[in-house]
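Working notes for the structure below.
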Amino acid sequence: MDICLIKSREDNNLNLKKSNSMKNNRLIVSILLLAFTAFSLRLSAAPIQLNDGWSFNYVAVGTEIVLTEVGTSGGEHLIIPATVNIDGVDYTIISLKNDLFKDNTSLKTISISSSLISLGTEIATEEPSSKPFANNPITLTTPVSSTDTWFINAVVNTGGESFNQWGTALFASGEVPNTDHYPGGFQFWLNNGTSNNNGRILYKYGNSSSTYTFSDQIVILPEGTNDVSINLTYDRTGKFTAILGSGDKTEKFSITPPDAFVGFDKLSSAISAAGTFSKLEINRCAFGTTAGSISGAPNLTYITVDADNTVYSSINGSLYDAAGTSVLVDLSAHNQNTKEPILIDNWSFDYVAIGTDIALTEVVTSGDGVLTIPGTVKIDDVTYTVKWLNKELFEGNTELTEIDIPATVTSLDTEISAESPATTLFPVELTNPVLSSDIWVIDACLNTGGESFNQWGTALFASGEAPSLDDYTGGFQFWLNNGTAGGENSKGTIVYKYGGGATKHTFSDAITIQKGSKENIAISLAYNDTEYTAKIISGGVTENFTVTTGACTGFSKLSSAVTAAGSFSELTITKINPSEGAGSLVGLKNLAKITVDAENTVYSSKDGSLYNKSGETILVDLGGGTTALNSQSTQLRIYSQNGKIVIEGLNDGDVCRAYTLSGTEVDYESANLPAGIYIITVNGISYKIIM
């Protein structure tokens, strides 16, 4: 049996040293002339629906998408997929608009796919005059460059008889709409050749000398009043796609140009005074490898990035460049205490550590069905004892077929509750006070606030109404030492008191908090009836401290003396309440065998079923035992199966009833009985069964 830690649940096997050349090769150049036809690029379509109630407005560049605005905020956890399907067409999500999640309080975690190459796209809109006439070009506020993506929404009103003769340029880049001024850009014009070509639309682009002619589906006659919509894209592969629309007809033309798009600073047209541009709107998309789209989310605590992403990576919940050398969004303050899942055989579990004891809280990945829980596991070279299993650990699990329980496990029915009070207002009053009988752990991340941080002697974190020496009795207090320099009394070192004792415990000089520095401090404090275990992390340095004297009498409030510039970005109190039931293993339809180490002081097993230590009470019956405590008939057998109570060996006329411990009668043959203790009466004789 192998026991180790998964490196990272989301970023397992992440290669942080990705090729810089792969990043640099991502040149994004697009020009879009957006038509008002069924084939137009999508600028105002129905929002994209993603997971957990999230929806987004977007723009589409060919078959690539930029998310531009949150339509509906969903749950805490957002997954950005690589592709979405819209009307039967697969689109790749490549970019998020800058400030997309600014001030969004719903988002707590985000998962970024391999396709996202920009988390900081700027979109700026320019609306020039809608009537540019011949030799009266529009000067753009910001020129179109080869590194930008542009969307140009234009509709040309030809003006009927007043429209210029064949050869007129409908729309072009450059100073004047002739062939001498569009190089590096584009030009659409009416053909002035033979009668077969009159009225047909021609197109040139880039630095190419080639002329591309659309078919005769769209013909613009001089006496008509045709409107012409033009849709031009230039994607990242160097492919131009032009779509024209007039009336109920559309034409599409795609080419791979021999010469690259260069850019331009003016737009022009040769239409006469009778003609106009009823629509001319320019939207700039500048793709950047910053992370402005997500850095403005105030409650964001964790970011994951697909291992195949060539622009970004994630380390311990923070966002980095692909090489893992430059941090783009630092969430380390939220994740100083982040625990990696434990790997046991080919299963993995989340957990809570109380001192050096562990409660398995959640299945992260299910293995091949057979699971042997070890007595101890090693995490960061520290050995922990596996002591408790969350009563809901395997709820709904269909993979588990056999389980072996070690001697160390004292509860298969542990209730685990977590409370996260407001993290910036002190004192914090707990919804459920910590009692002297509780087993608990507190995880907190403190942002000191730099220059606004109080002088030496300030209490960082304490139990009680106020963070002073008089209020922490029966709880704890962390504070900065205000003694003389040197040794134990060194300024900036962290001191800790606990219980009702007056003795102070000073951490080493490895962690010192200097006034004026905006440092983050992670504190993890656990209590397991007899022992306090404290862990502090700051600046990549970890210190541990364990004491075994001084009882916890409990507390109902938490306080801190940090000023308004400081805050707690994380504050979670987790309590565990073990019982000797077996809720974690109840109701598993594919579980066929349970074995328990003979040295276990709480549980035992027989014929694959689970019993209490004495073997008198069956806790999980897998077909091998009786639950009757005072049965007078060797033929009578009572057990639970698939959520109902089964009674075997009854004679005709026997009267059976079932009750909860509170005396409420239940239908014992119901398949929906909740876990718990039930009293069964057969002809007035009582039996107890634990489901």
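The values are calculated or read from the model by the stated rules, or taken from the named source; none is laboratory data. All figures in this text were calculated on a predicted structure; none of them were measured in a lab. When we count neighbours, we look across all protein chains shown, and the Cβ atoms used for this are built from the backbone with ideal geometry, even at glycine. Just so you know, the surface numbers come from the protein's heavy atoms only, side chains and all, with ligands and any DNA or RNA stripped out. Shrake-Rupley method; radii C 1.70, N 1.55, O 1.52, S 1.80 Å.
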### Query
For the residue pair T401 and D380, what label-to-label distance in nm results when each label sits 7 Å from Cα along the Cα-to-beta-carbon direction?
3.8
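So how do E402, E465, E570, E669 rank on accessible area, 1.4 Å probe, biggest first, that is with the largest at the start? Please report the intermediate quantities before stating the final value.
Numbers: E402 75, E465 95, E570 40, E669 120 Å².
The residues order as E669, E465, E402, E570, largest area first.
Please give the per residue accessible area of the stretch 279-423, computed with a probe of 1.4 Å over protein heavy atoms only, in Å². Let's see the in-between values first.
Values: 5230 Å² over 145 residues.
Dividing the accessible area of the stretch 279-423 by its residue count gives 36 Å².
Which entries in K589/K688; K97/K252; K391/K589 show an alpha-carbon gap greater than 25 Å?
Details: K589/K688 22 Å; K97/K252 29 Å; K391/K589 16 Å.
From the list (K589/K688; K97/K252; K391/K589), the Cα-Cα distance tops 25 Å for K97/K252.
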#### Entry: For the stretch 405-416, Karplus couplings with θ = phi - 60° (6.51, -1.76, 1.60), whole Hz, Gly/Pro x
9, x, 5, 6, 6, 9, 8, 9, 9, 8, 7, 10
### Message
Which residues among the stretch 582-620 fall inside the zone where the amide N is under 18 Å from a point 7 Å beyond the Cα of S670, along Cα→Cβ?
### Response
587
### Summary
Sequence order, the stretch 355-363: Karplus ³J(HN,Hα) from phi using 6.51 cos²θ - 1.76 cosθ + 1.60, θ = phi - 60°, Hz rounded, Gly and Pro as x, gives x, 10, 9, 10, 10, 7, 9, 7, 7
### Query
What list of ³J(HN,Hα) values in whole Hz, one per residue of the stretch 376-390 in order, does the Karplus curve 6.51 cos²θ - 1.76 cosθ + 1.60 (θ = phi - 60°) give from phi, with Gly and Pro shown as x?
9, 9, 10, 10, 6, 6, 10, 8, 10, 9, 7, 10, 9, 10, 4
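Could you tell me the calculated FRET efficiency between E281 and S146, based on Cβ-Cβ distance and R0 = 30 angstrom, to the nearest 0.05?
Details: r = 21 Å, r/R0 = 0.71.
Given R0 = 30 Å and the Cβ-Cβ separation, E is 0.90.
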### Query
According to a simple spin-label model (label point 7 Å from Cα along Cα-to-Cβ), what is the distance in nm between F253 and V547?
8.3
### Task
For I344, list long-range residues whose amide hydrogen, built 1.01 Å from N in the peptide plane, is under 5 Å from its own amide hydrogen.
F349
### Task
Using a 1.4 Å probe and ignoring any ligands, DNA or RNA, find the accessible area of S113 and quote it in Å² to the nearest 10.
10
### Task
Would you mind counting up the charge near C656? Only other residues with Cβ under 15 Å from its Cβ, with Lys and Arg at +1 and Asp and Glu at -1.
-2
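Gain in length, T530 to I86, computed as 0.36 nm per residue apart minus the alpha-carbon separation, to one decimal in nm?
On the way: separation 444, 0.36 × 444 = 159.84 nm, distance 5.99 nm.
Contour length minus the Cα-Cα distance gives 153.9 nm.
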### Query
What does the highest-first list of 644-653, 100-109, 592-601 look like by mean Cβ count within 10 Å?
100-109, 592-601, 644-653
### Task
Please work out how much length the chain gains when fully extended from K589 to S614, using 0.36 nm per residue of separation minus the C-alpha to C-alpha distance, in nm with one decimal.
6.4 nm
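Gain in length, S215 to E76, computed as 0.36 nm per residue apart minus the alpha-carbon separation, to one decimal in nm? Please list the in-between numbers first.
Numbers: separation 139, 0.36 × 139 = 50.04 nm, distance 5.19 nm.
Fully extending the segment from S215 to E76 adds 44.9 nm.
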